[in-house]
Amino acid sequence: MIVCICKAVSDKRIRRAASEGVVSLRELSRELGVGTCCGKCVPQAREVLSQAVESQ
Ligand code: FES
């Protein structure tokens, strides 16, 4: 499922980033560009990332 349409970033890609050490939305934005265009994906991206970080 695509979370960030603008940057074509999927939930799977966000989970992979978390497994590679990304723990904050700021890092996720820097790495993948999530939320850097329209910003509509930010709440969902934050949710997916926090679940991924917690489940590690
Ligand atoms: Fe992520 Fe637009 S959907 S910045």
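Remarks
- Residues of the chain: accessible area per residue with a 1.4 Å probe, Å²: 67
- Between VAL23 and SER55, full extension at 0.36 nm per residue minus the direct alpha carbon distance yields a gain of 10.3 nm.
- Candidate membrane-span-like segments in the chain, meaning DSSP H helices with Cα atoms spread over at least 24 Å of their own axis and a Kyte-Doolittle mean of 0.0 or above, do not occur, with no membrane implied either way.
- Treating each Cα of the chain as an identical point scatterer and summing with the Debye formula, the log10 of I(q)/I(0) at q = 0.12, 0.15, 0.19 Å⁻¹ comes to -0.20, -0.31, -0.51.
- Carbon-plus-sulfur accessible fraction, segment 1-51 (probe radius 1.4 Å, protein heavy atoms only): 50%.
The values are calculated or read from the model by the stated rules, or taken from the named source; none is laboratory data. All values derive from a computational prediction rather than experimental measurement. SASA here: full protein model, heavy atoms, side chains in, ligands and nucleic acids out. Shrake-Rupley method; radii C 1.70, N 1.55, O 1.52, S 1.80 Å.
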